[in-house]
Structure formats: structure tokens, C-alpha cells
1. Could you count how many residues in segment 138-165 are more than 20 Å from the chain's Cα centre (by Cα) and surrounded by 13 or more Cβ atoms within 10 Å (Cβ to Cβ)?
2. What number of residues within segment 4-41 satisfy the criterion of being of a type outside the set (S, T, N, Q), assigned to a loop (DSSP other than H, G, I, E, B) and open to solvent by 10 Å² or more (accessible area, probe 1.4 Å)?
3. What is the number of the single condition among (1) of a type in the set (A, V, I, L, M, F, W, C); (2) more than 26 Å from Asp28 (Cβ to Cβ); (3) modelled with pLDDT of 90 or more that Val125 does not meet?
4. Could you list, in sequence order, all residues of segment 66-125 that are open to solvent by 50 Å² or more (accessible area, probe 1.4 Å) and in a loop (DSSP other than H, G, I, E, B)?
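The values are calculated or read from the model by the stated rules, or taken from the named source; none is laboratory data. In this text, all values refer to a predicted model and were calculated from it rather than measured experimentally. Cβ placement follows ideal geometry from the backbone for every residue including glycine, while neighbour counts extend to all protein chains displayed. For accessibility, only protein heavy atoms count, side chains too; no ligands or nucleic acids. Shrake-Rupley method; radii C 1.70, N 1.55, O 1.52, S 1.80 Å.
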Amino acid sequence: MSLINKEVADFSVQAYQGETFQTVTKADILGKWSVFFFYPADFTFVCPTELEDLANKYNQFSAIGCEIYSVSTDSHFVHKAWHDASERIKKIQYPMLADPTHALSRDFDVLIEADGMAERGTFVVNPEGKIVAYEVNAGNVGRNADELLRKVQALQFVAEHGDEVCPAKWQPGAETLKPSLDLVGML
């Protein structure tokens, strides 16, 4: 079953950001674009490379009005310990959400029940709180922040220009497509 246009359920979780603990709720994501970036666990191998890649692009995501939320089933205390111990994770400025109860992992359908960890899932959520794009990778394959940024930019463009679509490899400022009336049903 597709999660496209699924509204994110109400939630309230602890997070680690900027040397502090805070609470993040569904109300915090409404009215802006968000990326929920699920990863299996802190203190692992592929995860820090992905989170550092996102940290290096965080200013660009912020500039287009998109917040990044990394999410694992670890506690916010473990996020802080990892942040304190890892040079890569120290670069993170975005909120690191704690999901020890698995509420978010279940809502986004990425929980590996047998392991109590999340799949490597990436979800773009629009300002109305609905999932508009997602991708779930095998645990041993890292993701690319450049491509994720491009996808968010394309989703923002089509949300603003409903009569245009973005072709493969579209970049901001590039030509878009305007489907003809007889082709609209084929999209």
C-alpha cells in the first residue's frame, strides 16, 4: 500500500539538537516542508556517513524552508552520547528524533519488528503534514543528500506550479513540462 498523501499521525517525541533536549510534535512540522530521515541505529557504520552528508547540505535545505529530522529508535540520550563521541555527528545541526517506543517508525511503516530498528527510509512531508515522496533502502546502502535536496526542490516547484511537472534530473531553473489535456490521465 502506498504512503503517498498519507497524513502523518499526531506524535510527540524527544529530540537532541544544539546541545539541548527538546520535544518535537506534529504541530512543529505543519506549515513547512520536512524530511524524515530514518536510519537503523546510532554508533553504526553507514548511518554516520549519511547523517554527515545531510549535515553538509543542511543550510541548503534550510534556505528552501525544509527541516531535516533524523530518526532512529535510540533514545535522545544515546543521540547526545553519539554526538559527543563522533566527529561526523558533531556536525549535525538538525533535530535528531528519538523513537524508542517505535511510534514514528510504525506510522511511517519502516519498523523492523524483529530487530526493534527502523529501515533506512526517507520521507518528504509537505506543509499540510502529508507524505509526498518516500524511498526505503536496504540497510547496507547509503543515501545521497544532493539527490534528496533536488527531490524536495522539485516537489516544492510542482506544489507551487500545479500545471507543470519536473522531468528526470530536473534542477531549479531548468525547463519543466506542461502536460497536454489528452496526456493528463497518463501521469
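1. Counting residues in segment 138-165 that are more than 20 Å from the chain's Cα centre (by Cα) and surrounded by 13 or more Cβ atoms within 10 Å (Cβ to Cβ) gives 2.
2. Adding up the residues that qualify gives 12.
3. (2)
4. If the condition is that a residue be open to solvent by 50 Å² or more (accessible area, probe 1.4 Å) and in a loop (DSSP other than H, G, I, E, B), then Glu87, Arg88, Gln93, Pro100, Thr101, Asp109, Glu113, Ala114, Asp115, Glu119 are the ones that fit.
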